[in-house]
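Single-structure report; data block below.
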Amino acid sequence: MSSFDVQYQDRAERLIQRALSAQRLPHAYLFHGPDGVGKETFARALAMLLLCPQPGRSESPDGQPRLSACRSCDDCRLAQAGTHPDLHLIYRQLIKYHDDPVVRRRKGLNLGVDVIRQFIIDKLGAKPGRGRAKVFVIRQADRITPQAQNALLKTLEEPPGTTFLILLVSSLDRMLPTTRSRCHLTPFGTLPAHFIAAELTRRLPRLPPQRVRLIARFSQGSLGLALQHAEDGLDGQNDQLVQTLLELPRNSVAQVVEKLTDQAKTLGQGYRRRDPEITETEAQRRGLKAIFALAATWYRDVLHTAIASSDLVANVAYADQLTAAAAGITPGRAVAAVNRIAETEAQLDANVNTKLCLDALVIRLTRLTGGAS
Ligand SMILES: [Zn+2]
């Protein structure tokens, strides 16, 4: 394990440790990379180190000096418990705790200027509660509105005294160039599938290995996403979807579209449970995208089976059905199916009517897999 409680983020770790040992640690960071790969865990461990009065020195396996929080002092214990008075976690739902009742009634879809002002800027003047430093970790900082980013610029430029700001973003696209240029960019990468599979098994010991493999494969290198998939029962949704795809030629377009829509709604409920601020339409749209990802994987698996690359197959529980499906479709048509799904997803993103998109997709998939052209 690293000093920062994460694995496979060596680059970020090296950058931070190098700055620590040179004693010129920047005061504002942009941790950027996919969600669910350890950015927040890393940020909280770094915060703990910055707040710890007696950090320990050691060496990394490649001989570089390494600083770590002691993990036993009062500051470390408070930081670990999330109750350290100088460690501030900022997230968009804080809007519900704003002093102004008018602001409290607003939806917290973004991190607006009200939240940034009350929970960061207004706190900067006061001395740290326990004396050492003050650390702000901003979750989903790519949701800070441009107006609020502007309000934060002066703080990022020259944070007062021993104040540190760590902004966590999944994409740099939504950050203003002025914000980016004032922060130290720290990249985080995706996690290897074998690590995600091992973590899933460790945390959810009752999940059967075949399902672990499928979920790990769908997680795009994000442990957070893999855990969500497990919670949403994505593997069970995949079973239903595979059944629908296998029966494509025997059902009407309307029946198939209804089944896909029902699945999208079920998955959408999980998204809304985790993020009640999103609309039902948006939740369903995300559900549909998850279904598309499963469908594309199925046709990719058909292709892998057809060209005898079975080691790349995600749907290992369906070896027989894949062999039968591969016998009934040319590799070219399997590729066309994958492409058609990607096109439909792009249409959804461009706000084309969902039902029209689905009707057209189902008709095309039925033709591609049913023999007629
Ligand atoms: Zn300590």
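Annotations for the structure displayed:
- Pairs over the 21 Å Cα-Cα cut-off, from the set Lys39/Lys134; Lys259/Lys355; Lys96/Lys265; Lys265/Lys355; Lys39/Lys96: Lys96/Lys265; Lys39/Lys96.
- Structural size metrics of the range 1-77, computed from C-alpha coordinates, are Rg and Dmax of 12.0, 33 Å.
- Rounded to 10°, Cα long-axis angle of helix 193-203 versus longest principal axis of the chain: 80 degrees
- Here the chain exposes an accessible surface that is 51 percent carbon and sulfur, computed with a 1.4 Å probe and the other protein chains kept in place.
- Rounded to the nearest 0.05, the FRET efficiency derived from the C-beta distance between Glu258 and Glu282 at R0 = 22 Å is 0.60.
- Against the chain, whose longest principal axis is taken from its Cα atoms, helix 280-306 shows a tilt of about 60°.
- Rg followed by Dmax, in Å, when the range 254-315 is reduced to its Cα trace: 14.7, 45
- Overall dimensions of the range 204-341, expressed as equivalent-ellipsoid semi-axes from the Cα gyration tensor (√(5λ), whole Å, largest first), are 25, 19, 12.
- Distance-filtered residues of the range 41-81 - backbone nitrogen under 15 Å, label point 7 angstrom along Arg24 Cα→Cβ: none
- Peptides 252-262, 48-58, 94-104, ordered by how many other C-beta atoms sit within 10 Å of their residues on average, highest first, read 48-58, 252-262, 94-104.
- Counting only protein heavy atoms and a 1.4 Å probe, the chain has 49 square angstrom of accessible area per residue.
- Each principal axis of the Cα cloud of the chain was evaluated for its coordinate range; sorted largest first, these ranges are 73, 52, 36 Å.
- Take 298-304, 224-230 and order them by the average number of nearby Cβ atoms within 10 Å per residue, most first; the result is 298-304, 224-230.
- Placing dummy labels 7 Å off each Cα toward the beta-carbon, the span from Arg203 to Asp100 is 3.7 nm.
- Gyration tensor verdict on the range 273-373 (Cα atoms; rounded if a/c is under 1.5, prolate if a/b is larger than b/c, oblate otherwise): oblate
- Difference of contour (0.36 nm per residue) and Cα-Cα distance, Arg14 to Glu158: 49.4 nm
- Taking the alpha carbon gyration tensor of the range 298-354, multiplying each eigenvalue by 5 and rooting it gives semi-axes of 26, 11, 9 Å, largest first.
- Since only Leu78, Ala126, Ala47 are under comparison, the one whose Cα sits farthest along the positive direction of the charge dipole of the range 1-158, derived from C-beta charges on Lys, Arg, Asp and Glu, is Ala126.
- Ser58 paired with Ser310, simple spin-label distance in nm, labels 7 Å along Cα-to-beta-carbon: 4.4 nm
- Estimated inter-spin distance, Arg117 and Asp349, nm [label 7 Å along Cα→Cβ]: 3.6 nm
- Debye log10 I(q)/I(0) at q = 0.09, 0.10, 0.15, 0.16 Å⁻¹ for the range 25-183, Cα point scatterers: -0.30, -0.37, -0.83, -0.93
- Amide H to amide H distances under 5 Å link Val137 with His88, Leu89, Ile90, Ile166, where only residues 5 or more positions off or on other chains count and H is placed in the peptide plane.
- Taking the range 1-37 and a reference point 7 angstrom along Cα→Cβ of Gln80, the backbone N atoms nearer than 14 Å belong to 4-5.
- DSSP assigns beta bridges within the chain; of those with both partners inside it, close to 15 percent run antiparallel.
- Dividing the alpha-carbon radius of gyration of the range 134-215 by the rule-of-thumb value 2.2 N^0.38 Å gives 1.56.
- Less than 5 angstrom separates the built amide H of Leu30 from those of Leu167, His184, Leu185, Thr186, all sequence-distant by 5 or more or on a different chain.
- DSSP bridge pairs, the range 1-158: antiparallel proportion in percent, nearest 5: 45 percent
The values are calculated or read from the model by the stated rules, or taken from the named source; none is laboratory data. On a predicted model such as this, the values are computed, not experimentally measured, just so you know. Here the Cβ is made from the backbone with ideal geometry for all residues, glycine too, and neighbour counts use every protein chain on show. Just so you know, the surface numbers come from the protein's heavy atoms only, side chains and all, with ligands and any DNA or RNA stripped out. Shrake-Rupley method; radii C 1.70, N 1.55, O 1.52, S 1.80 Å.
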